[in-house]
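Take a look at the structure set out below.
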Amino acid sequence: VDGVFEFIGVHPNSDLVAGLAELAAGGWVKVDGSMSTNVTGLFAAGDVTDKPLKQVVTAAGQGATAAFEALRYLDSGVCTL
């Protein structure tokens, strides 16, 4: 055997936002191109999203986008923490 790839499943761990963010069929968190959910100020990235590509490099890019958009949201003054 030259290699073994363990498949651990494709069920999203979206319980944290269930009942808050809009979920697609199968439990994936629905996001737009800026990784925004239907809840203002709530962003999601990676394998939990409804985006079709489930790869580490894609999740990293989505995480960077979500972090940038979250910072932009906080800097806009809309959110007062």
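The values are calculated or read from the model by the stated rules, or taken from the named source; none is laboratory data. Computed from a predicted model, the values in this text were never measured in an experiment. Positions of Cβ are backbone-derived with ideal geometry, glycine not excepted, and every protein chain shown enters the neighbour counts. Heads up: the accessible areas ignore ligands, DNA and RNA and are worked out on the full protein's heavy atoms, side chains in. Shrake-Rupley method; radii C 1.70, N 1.55, O 1.52, S 1.80 Å.
Quick notes
- Residues being of a type in the set (A, V, I, L, M) and outside any loop (DSSP other than H, G, I, E, B) - total across region 6-33: 6
- Residues located in region 34-79, provided they are closer than 20 Å to residue 20 by Cα, part of a loop (DSSP other than H, G, I, E, B) and free of Cβ contacts under 8 Å to residues at least 24 places away in the same chain: 37, 38, 39, 45, 51
- Positions within region 29-44 being at pLDDT 95 or above, closer than 17 Å to residue 59 by Cβ and open to solvent by 40 Å² or more (accessible area, probe 1.4 Å), in sequence order: 30, 32, 43
- Of the residues making up region 67-81, those that are loosely packed, with under 11 Cβ neighbours inside 10 Å and either in contact with a Pro (Cβ under 8 Å, 6 or more places away or on another chain) or hydrophobic (A, V, I, L, M, F, W, C) (or both) are 71, 78, 81.
- Candidates 64, 24, 60, filtered to the one that is open to solvent by 40 Å² or more (accessible area, probe 1.4 Å), more than 24 Å from residue 78 (Cβ to Cβ) and either among the small types (Gly, Ala, Ser) or out of contact with any strand residue (DSSP E or B) (no Cβ under 7 Å at 6 or more places or on another chain) (or both): 60
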